[in-house]
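Visitor: Take this structure first; my questions come after.
The values are calculated or read from the model by the stated rules, or taken from the named source; none is laboratory data. Since the model is a prediction, treat every value here as computed from it, not as a measurement. Using ideal geometry, Cβ is built from the backbone for each residue, glycine included, and neighbour counts are taken over all protein chains shown.
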Amino acid sequence: MYANKGELKVLLIVPGSEFDHIDVPLGPVYLATYVSEKIKNSKVQIFDKNIKFLNKKLQKFKPDVVGIYSTIVQLNLVKKYISIIRSNNTATKIILGGPTTVSSAIQLEYLNPDVITISEGEIPFTRYLQNINDISKLKKIPNLIIKTENGFFKTPTKPEFINLEEVKLPDFSFINVEKYIKKWYYFEYFGKVRGVSLMTSRGCPFRCTFCQPIVNEMFGSKVRYHSIKDIVEKMQELKNKYNMNYFFFHDDTFTLNKKRVIDFCNEIRIRDLNIRWGCNTRVNSVDLDTLKIMKKSGCVEIRLGIETYNQKTLNLIQKDTQENKINPTIDLIKKAKINSLAFIMIGFPNEGVLDTLRTLVKASSSNLDFMRISILTCLPGTQIAQQYPLQKQKCENYNYIKHSINNPSKLSNSTLEFLKIIGYFLFYLNPKRLLKTFSIVNSPSKLLSKLERI
Ligand code: B12
Ligand code: SF4
């Protein structure tokens, strides 16, 4: 059956990128945890080192299957990994997964893998591994695209999501978690912290056009939750094992279910965890009482997907928020003594220089503590990319920190990049934040690393 005497060896690759591995690869770690539990004769490892070590790893581990995680911006890199795997052993099956799979046509044409999973990975990946040598069974497993002798075969598309209450939270012993802790720049402004990112839920009911339907196709529009007990126990375990004191929750809207947030905060306090944490949420999704409870349990930062202060743009991108609710939400967070960070986007098709400056000035004069600006990119597979079809540009050259490709703006990339710099200066050199700015950027190397990421 398998090349390795009845043992199924699976190597999961996390491709490197320019800003190598600043955050734990939650998806691959979830998969490794799930597959190891479901397939008893499997041996799963994660490869997250530099590509130059891949050959050695393949020769030593001799995987039957190599699974590769990828976002849309990593296609070029993934191609290099595939060429090394193929030149090492042509019998090794290559399976691709990750959010890119929603734009699977690009992957098939460009990467020519053996299999692609469409949607959340746990169920299709495990079923694929369980039936790896039986093509007729494989063809019946939903959410796969399989290479056959007669070309690619797409199995039925069917939403099949795991019950998060029943699955284990990620087991970080699959990776060298210390390496990630050291690179975790998220909370440098709160002094020395040791921590990782987690997710307590999957799925998003909103419909922002620059994002959807990607998240819905991956995780559905109905939000599923891990149990509060499991999450807090995981935090406790990570604290005890790795001396962690900080967690960031990447849930798309952490505060969607008020009762659950309160239960979560209470559980942290009952267990006397004494950690700090942060989360993402949306404008108008928080109230002062809940914020105060969050603060008491250790919440020190809330990130808001504000995007813009222009109501026309908010309508255009279906953000389902109102401009006049933005600053009141920020003020509530401030009142609860929690830091707020805003994600701001520039380069919308309807916005010129003056509209962009208006948003940047409004954000700068608000009570926000931090701000990140990005230039809108119409990612393949998103609704906005359908509304604004653009000339074919190569995603693989996209550098998400530096600039945008596929931006539908009437402003040039260099104008947008210039506006972005102005935005950062207006915000961080605003007299009300100057002290905070200097306390974060308190050495030439810190200043350099910040400037590099503008
Ligand atoms: C945290 C996060 C980040 C972090 C870290 C990413 C990381 N290490 O995982 C940071 C901040 C670095 C980041 C950066 C970027 N991100 Co980001 N990020 C996220 C976010 C919010 C959560 C990721 C996560 O942990 N999800 C939870 C896990 C469980 O899901 P998962 O990783 O997708 O894994 C599941 C499946 O994909 C699949 N799977 C994963 N790997 C594999 C492998 C195999 C073999 C198989 C079979 C299946 C499989 O199974 C997993 C379990 O179900 C997602 C949004 C979201 N809701 O997922 C966006 C998201 C992944 N990011 C996105 C983007 C666009 C980016 C950037 C380009 C951002 C930008 N504009 O600045 C960069 C690219 C970075 C890079 N080098 O690729 C897009 C990707 C779109 C796409 N089509 O590729 C997403 C989906 C957001 C969105 N809706 O637009 N991101
Ligand atoms: S941007 Fe956030 S809130 Fe909007 S659809 Fe995507 S995940 Fe949901």
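Visitor: Among the candidates Met294, Met235, Met199, single out the residue that is farther than 29 Å from Ile326 by Cα and modelled with pLDDT of 95 or more. Break it down into steps so the answer makes sense when it comes.
Guide: Numbers: Met294 fails: farther than 29 Å from Ile326 by Cα; Met199 fails: farther than 29 Å from Ile326 by Cα.
On inspection, the qualifying residue turns out to be Met235.
Visitor: If you take the residues in the stretch 421-453 that are among the small types (Gly, Ala, Ser) and in a helix (DSSP H, G or I), which one is farthest from Ser364 (Cα to Cα)?
Guide: Taking the stretch 421-453 and keeping what is among the small types (Gly, Ala, Ser), we get 423, 439, 443, 445, 449.
Now narrow it down to the ones that are in a helix (DSSP H, G or I): 423, 439, 445, 449.
Numbers: Gly423: 8, Ser439: 18, Ser445: 25, Ser449: 22 Å.
Taking the candidates together, the pick is Ser445.
Visitor: How many residues are within 12 Å of ligand 2 (Cβ to nearest atom) and assigned to a loop (DSSP other than H, G, I, E, B) if we restrict to the stretch 213-254? Write out each step before concluding.
Guide: Filtering the stretch 213-254 down to residues within 12 Å of ligand 2 (Cβ to nearest atom) leaves 213-221, 223, 250-254.
This time we only want the ones that are assigned to a loop (DSSP other than H, G, I, E, B), so: 213, 220-221, 223, 250-254.
Here the count works out to 9.
Each row is one residue, and each column tells you yes or no for (1) more than 12 Å from ligand 1 (Cβ to nearest atom); (2) closer than 22 Å to Val177 by Cβ.
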| position | (1), (2) |
| --- | --- |
| Ser42 | yes, yes |
| Asn50 | yes, yes |
| Leu58 | yes, no |
| Leu77 | no, no |
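Visitor: Within the group Leu31, Leu58, Leu96, Leu75, which residue is farther than 28 Å from Phe247 by Cβ, of a type in the set (A, V, I, L, M, F, W, C), at pLDDT 95 or above and away from ligand 2 (no atom under 16 Å from the Cβ)?
Guide: On the way: Leu31 fails: farther than 28 Å from Phe247 by Cβ; Leu96 fails: at pLDDT 95 or above; Leu75 fails: at pLDDT 95 or above.
Result: Leu58 is the single residue among Leu31, Leu58, Leu96, Leu75 that is farther than 28 Å from Phe247 by Cβ, of a type in the set (A, V, I, L, M, F, W, C), at pLDDT 95 or above and away from ligand 2 (no atom under 16 Å from the Cβ).
Visitor: On to the next question. Name the residues in the stretch 119-157 that are without any contact (Cβ under 8 Å) to a residue 24 or more places away in the chain, within 13 Å of ligand 1 (Cβ to nearest atom) and of a type outside the set (A, V, I, L, M), would you?
Guide: Initial filter on the stretch 119-157 (without any contact (Cβ under 8 Å) to a residue 24 or more places away in the chain): 127, 131, 134-142, 148-151, 153-156.
Checking which are within 13 Å of ligand 1 (Cβ to nearest atom) leaves us with 127, 141.
Across the stretch 119-157, the qualifying residue is only Arg127.
Visitor: Could you pull out the residue among Ile231, Ile317 that is within 30 Å of Leu360 (Cβ to Cβ), within 16 Å of ligand 1 (Cβ to nearest atom), buried (at least 17 other Cβ atoms within 10 Å of the Cβ) and touching a residue at least 12 places away in the same chain (Cβ under 8 Å)?
Guide: Details: Ile231 fails: within 30 Å of Leu360 (Cβ to Cβ).
Unique residue meeting the criteria: Ile317.
Visitor: If you don't mind, another one. Which of the residues spanning the stretch 101-127 are modelled with pLDDT under 95 and in a helix (DSSP H, G or I)?
Guide: The answer is Thr101, Val102, Ser103, Ser104, Ala105, Ile106, Gln107, Leu108, Glu109, Tyr110, Leu111.
Visitor: Testing Asp289 on (1) free of Cβ contacts under 8 Å to residues at least 24 places away in the same chain; (2) within 16 Å of ligand 2 (Cβ to nearest atom), one condition comes back false. Which one is that?
Guide: (2)
Visitor: Working carefully through the options Phe172, Phe161, Phe219, Phe210, find the one that is more than 22 Å from Ile275 (Cβ to Cβ), aromatic (Phe, Trp, Tyr) and not assigned by TED's automatic domain parsing to the domain that holds Gly305.
Guide: Working: Phe172 fails: more than 22 Å from Ile275 (Cβ to Cβ); Phe219 fails: not assigned by TED's automatic domain parsing to the domain that holds Gly305; Phe210 fails: not assigned by TED's automatic domain parsing to the domain that holds Gly305.
Sole residue among the options that is more than 22 Å from Ile275 (Cβ to Cβ), aromatic (Phe, Trp, Tyr) and not assigned by TED's automatic domain parsing to the domain that holds Gly305: Phe161.
Visitor: Which ones in the stretch 283-308 are within 24 Å of the chain's Cα centre (by Cα) and of a type in the set (Ser, Thr, Tyr)?
Guide: Selection gives Ser285, Thr308.
Condition check ((1) surrounded by fewer than 17 Cβ atoms within 10 Å (Cβ to Cβ); (2) under 17 Å from Pro28 (Cβ atoms); (3) in the same structural domain as Pro25 (by TED's automatic domain parsing)) across all residues:
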position	(1), (2), (3)
Lys56	yes, no, yes
Gln59	yes, no, yes
Val78	no, yes, yes
Tyr81	no, yes, yes
Arg86	yes, no, yes
Thr92	no, no, yes
Leu96	no, yes, yes
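Visitor: Keeping to the stretch 326-350, report how many residues are under 18 Å from Asn413 (Cβ atoms) and either over 27 Å from the mean Cα position of the chain (by Cα) or among the aliphatic types (A, V, I, L, M) (or both). It would help to see each step written out before you state the result.
Guide: Of all residues in the stretch 326-350, those under 18 Å from Asn413 (Cβ atoms) come to 344-350.
Still in the running and either over 27 Å from the mean Cα position of the chain (by Cα) or among the aliphatic types (A, V, I, L, M) (or both): 344-346, 350.
Final tally of qualifying residues: 4.
Visitor: Here's another thing I want to ask about it. How many residues are within 16 Å of ligand 1 (Cβ to nearest atom) and touching a Cys at 6+ places or on another chain (Cβ under 7 Å) when one looks only at the stretch 280-302?
Guide: Counting residues in the stretch 280-302 that are within 16 Å of ligand 1 (Cβ to nearest atom) and touching a Cys at 6+ places or on another chain (Cβ under 7 Å) gives 1.
Visitor: Report whether or not Lys182 is free of Cβ contacts under 8 Å to residues at least 12 places away in the same chain and under 25 Å from Asp48 (Cα atoms). Give the derivation first.
Guide: Details: free of Cβ contacts under 8 Å to residues at least 12 places away in the same chain: yes; under 25 Å from Asp48 (Cα atoms): yes.
Yes; evaluated as a whole, the condition is true for this residue.
Visitor: Within the bounds of the stretch 328-337, is there any residue that is in a loop (DSSP other than H, G, I, E, B), closer than 19 Å to Asp369 by Cα and modelled with pLDDT under 95?
Guide: Going residue by residue through the stretch 328-337, those that are in a loop (DSSP other than H, G, I, E, B) are 336-337.
This time we only want the ones that are closer than 19 Å to Asp369 by Cα, so: 336-337.
Now drop any that are not modelled with pLDDT under 95, which leaves none.
No, the conditions are met nowhere in the stretch 328-337.
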